[in-house]
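Down below is the structure, laid out as structure tokens.
The values are calculated or read from the model by the stated rules, or taken from the named source; none is laboratory data. None of the values given here were measured: they were computed from a predicted structure. Because the Cβ atoms are built from the backbone with ideal geometry, glycine has one as well, and the counts that use them run over all protein chains shown. Protein only, heavy atoms only, side chains kept; ligands, DNA and RNA dropped before computing areas. Shrake-Rupley method; radii C 1.70, N 1.55, O 1.52, S 1.80 Å.
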Amino acid sequence: MPARFRSVLYLPADNARAVEKARGLDCDLAVLDLEDAVAPDRKVQARADAVAALASHPFGVRINGLDTPWGADDLAALAGTGVRIVVAPKVESRSTVIALAERLPERARLWAMIETPRAVRSLNVLAGSGGPLQALMLGVNDLAKALGTGPSPDREPLKSHLAAVVAAARAHGLLAIDGVFNRFRDAEGFAAEAAQARLYGFDGKSLIHPSQIAPCHAAFAPTEAQIAFARAVVAAFQAPAAGDRGAVQVEGEMVERLHLDQAQALLAGL
């Protein structure tokens, strides 16, 4: 599995053409969706298709919730597949995480979707569940619907929840993955939202179309100016004049050793 998850592409598990195409895409993770993207009368077939696809590619899988007629059977079917990432929808509590963990395939990691007001109110407890929990994924469409928020080009009504998900993830050493951008033909809008996700500290973003992969990677990559500044920070602290000082001046800005840590991390990731 990749060391980072900038781009997480969803595709219907029962769409053979999309699944085959996904094998050659440059996304960090392709997730076979058994939930929202699959009609009720296609759930069983989609599950079988997902199991077959996992035999030859390291897809992730989004299961149906355990409170649905399909969730438990989804997990049972995945038991022998070697799947490494299982995405669970509408996780609201630590008890749900524990119930999922008990049924999770061996060595699989759990990504919990934050999609309801109750989940937002329980973020710290939920994120601290431990075990196989690896990531919090924000489900913006369901959350906005549940909250009754109006449309906004910059997600104004959801900004506090974006920050809360990232804070909870960081507090417990988890990944934070932003939600989808629905207007896949709106390249400018996607770029702006992906940049916003990066600004808020998300590790990556959920995608619904292959055309979003490249701009997503661009949004989560450091700019040339950021790289140059990071190198300047490292050089400044390595200079003999810096000695053991806690802060130095770089390009008219006072930077501390915490900024040195950030600069070294940025350069290490290139």
Exercise for review: With respect to Ser206, determine if the residue is hydroxyl-bearing (Ser, Thr, Tyr), farther than 30 Å from Glu253 by Cα and touching a helix residue (DSSP H, G or I) at 6+ places or on another chain (Cβ under 7 Å).
Suggested key: no
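Can you name every residue in segment 152-191 that is in a helix (DSSP H, G or I) and buried (at least 17 other Cβ atoms within 10 Å of the Cβ)?
Let us first name the residues in segment 152-191 that are in a helix (DSSP H, G or I), namely 156-171, 187-191.
Hits for segment 152-191 are Leu158, His161, Leu162, Ala164, Val165, Val166, Ala168, Ala169, Phe190.
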Exercise for review: Kindly provide the set of residues from segment 89-144 that are among the acidic types (Asp, Glu) and outside any loop (DSSP other than H, G, I, E, B), ordered by number.
Suggested key: Glu102, Asp142
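On the basis of being in a helix (DSSP H, G or I), more than 20 Å from Ala22 (Cα to Cα) and open to solvent by 80 Å² or more (accessible area, probe 1.4 Å), does Asp73 make the cut? Walk me through it before giving the result.
On the way: in a helix (DSSP H, G or I): yes; more than 20 Å from Ala22 (Cα to Cα): yes; open to solvent by 80 Å² or more (accessible area, probe 1.4 Å): yes.
For Asp73, the condition - in a helix (DSSP H, G or I), more than 20 Å from Ala22 (Cα to Cα) and open to solvent by 80 Å² or more (accessible area, probe 1.4 Å) - is met.
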Revision key, fill the gap. Scanning segment 60-70 for residues that are buried (at least 22 other Cβ atoms within 10 Å of the Cβ), touching a strand residue (DSSP E or B) at 6+ places or on another chain (Cβ under 8 Å) and outside any strand (DSSP E or B) gives Ile63
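Quickly run through segment 217-236 and pick out the residues that are open to solvent by 60 Å² or more (accessible area, probe 1.4 Å) and touching a residue at least 24 places away in the same chain (Cβ under 8 Å).
Looking only at segment 217-236, we keep the residues that are open to solvent by 60 Å² or more (accessible area, probe 1.4 Å), and these are 218, 223-226, 231.
Residues satisfying the conditions are Ala218, Gln226, Arg231.
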Point to revise | Qualifying residue in segment 138-152 (condition: hydroxyl-bearing (Ser, Thr, Tyr) and under 14 Å from His172 (Cβ atoms)) | key: no
Check your understanding: Given the conditions (1) open to solvent by 60 Å² or more (accessible area, probe 1.4 Å); (2) under 30 Å from Val87 (Cβ atoms); (3) in a strand (DSSP E or B); (4) not acidic (Asp, Glu), which single one is not true for Met254?
Key -> (2)
Review point. When you go through Arg42, Arg47 one by one, which is the residue that is modelled with pLDDT of 95 or more and buried (at least 20 other Cβ atoms within 10 Å of the Cβ)?
Key: Arg47
Check your understanding: Out of curiosity, is Val87 closer than 21 Å to Leu29 by Cα, surrounded by 14 or more Cβ atoms within 10 Å (Cβ to Cβ) and either without any contact (Cβ under 8 Å) to a residue 60 or more places away in the chain or in contact with a His (Cβ under 9 Å, 6 or more places away or on another chain) (or both)?
Key -> yes
Check your understanding: Any idea which residue in segment 222-241 is modelled with the highest pLDDT, counting only those that are part of a helix (DSSP H, G or I) and not hydrophobic (A, V, I, L, M, F, W, C)?
Key -> Arg231
Check your understanding: If we keep just the residues of segment 192-216 that are open to solvent by 20 Å² or more (accessible area, probe 1.4 Å) and closer than 22 Å to Gly24 by Cα, which is nearest to the chain's Cα centre (by Cα)?
Key -> Ile208
Practice item. Taking the options Asp36, Asp14, Asp26, name whichever one is outside any helix (DSSP H, G or I), over 18 Å from Gly80 (Cα atoms), in contact with a His (Cβ under 9 Å, 6 or more places away or on another chain) and open to solvent by 10 Å² or more (accessible area, probe 1.4 Å). Key: Asp26
Practice item. Considering only residues that are touching a Cys at 6+ places or on another chain (Cβ under 9 Å) and assigned to a strand (DSSP E or B), look in segment 1-11 and name the one that is farthest from Trp70 (Cα to Cα). Key: Ser7
